[in-house]
Amino acid sequence: MTTSWAWLVRGNVVRAAQANVGGTMLAAAALVAAPWLLVSATRGRWLVTPPGDGVLVVAAIVVVVVTLIDWGLRLAAG
């Protein structure tokens, strides 16, 4: 996943996804969440509403499933 993060922060989304789709999803989420969380922390209150538990659980499950599928396809391809 570190390779996908490295490619994404350099702006190469295609290479990031080729390296690891789940890692690309996590990196994209971090790029969106970091400024939002920083502004919220600076203001001392949420910029928008905080994410609900359900949203976080679904997001985590989606990333895990995508990562496992990507991993399985890579193993099957040899």
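Data overview
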quantity: Top-ranked residue of the range 1-35 - restricted to ones that are surrounded by 15 or more Cβ atoms within 10 Å (Cβ to Cβ) and among the polar types (S, T, N, Q), ranked as farthest from Val62 (Cα to Cα); calculated: Ser4
quantity: Filter pass, Val48 being among the hydrophobic types (A, V, I, L, M, F, W, C), loosely packed, with under 12 Cβ neighbours inside 10 Å, more than 10 Å from the chain's Cα centre (by Cα) and modelled with pLDDT under 95; calculated: yes
quantity: Selection within the range 1-38 - charged (D, E, K, R) and not in a loop (DSSP other than H, G, I, E, B); calculated: Arg15
quantity: Members of the range 44-73 that are in a helix (DSSP H, G or I) and over 15 Å from Asn20 (Cα atoms); calculated: Asp53, Gly54, Val55, Leu56, Val57, Val58, Ala59, Ala60, Ile61
quantity: Residue satisfying all of: in the range 15-65; in contact (Cβ under 8 Å) with a residue 12 or more places away in the chain and of a type in the set (Val, Ile, Thr); nearest to Thr3 (Cα to Cα) among these; calculated: Thr24
quantity: Test: Ala41 is within 20 Å of Val64 (Cβ to Cβ), assigned to a helix (DSSP H, G or I) and not acidic (Asp, Glu); calculated: no
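The values are calculated or read from the model by the stated rules, or taken from the named source; none is laboratory data. Predicted, not measured: the structure shown is a model, and the values here were computed from it. Here Cβ is always computed from backbone atoms with ideal geometry, including for glycine, and neighbour counts include all displayed protein chains.
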